[in-house]
Structures are given as C-alpha cells and as structure tokens.
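The values are calculated or read from the model by the stated rules, or taken from the named source; none is laboratory data. Quantities reported herein were computed from a predicted structural model and do not represent experimental measurements. A quick note on method: Cβ atoms are made from the backbone with ideal geometry, for glycine too, and the neighbour counts reach across all protein chains shown. Areas reflect the complete protein model, heavy atoms only, side chains present, ligands, DNA and RNA absent. Shrake-Rupley method; radii C 1.70, N 1.55, O 1.52, S 1.80 Å.
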Amino acid sequence: MSLINETVAVWVSPEGSPVRLVWRARRFRVTDTPTPLTASASLPDELLHFLTHPPKPVAAWRCQGTADDGTSLVFDIQHDDGGARWQLLRAYD
C-alpha cells in the first residue's frame, strides 16, 4: 500500500460510482464493484430506515482498476468538499 494524496481524474456512472480513472497519465477501467467508504456503509439496509438522520453521501470509494496492459491496482479515491476534484488517497498492488 502506498499513501498517494494526488489529484486523479474520475468518471462516474449515473448512480455516482466510479467507472474509469486516469492517474499519472495511465487509464484504468474499474473492473469490480466499487465499495463506498462511508461510516454508514457497514450498516444493514434494514437498519437504515430507523436512523433519524440520513446517511452521509458517498464521498469516497475503493475500487479495482485495470490498465490496458493488464496491470490491476486497488484505489481509494475521495471526492473533495468543493465537489470538483477527486483525490487518490491510496493505491494497493
């Protein structure tokens, strides 16, 4: 695992999950089901309607990306508070 903290370009699906990213001039296609990284992500769905406050929106994701040469990495990416940029927090090989 490497701590990165670099800006990364991210394309998202209509639902908001990442589908593609470009990091250090390399394109990675998301090749798994992205995992939302939120405090409420670990709660079972049946408990969510008992909450008095809605869960925080998903601002971070963990996903596997595969480059055209077959290299696969796992990325932790976070949307910044301003809403316009994404940060690559960590990359795992």
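Among the residues of region 1-11, the ones that are assigned to a strand (DSSP E or B) and either charged (D, E, K, R) or open to solvent by 70 Å² or more (accessible area, probe 1.4 Å) (or both) come to 5 in all.
So which residues in region 48-93 are in a loop (DSSP other than H, G, I, E, B), open to solvent by less than 70 Å² (accessible area, probe 1.4 Å) and at pLDDT 90 or above, if there are any at all? Passing the criteria: G70, T71. For first residues located in region 15-29 and open to solvent by 90 Å² or more (accessible area, probe 1.4 Å) and modelled with pLDDT under 95, partners that are assigned to a strand (DSSP E or B) and not hydrophobic (A, V, I, L, M, F, W, C) and lie 6+ apart or on another chain with Cβ distances below 8 Å form the pairs R24/E6.
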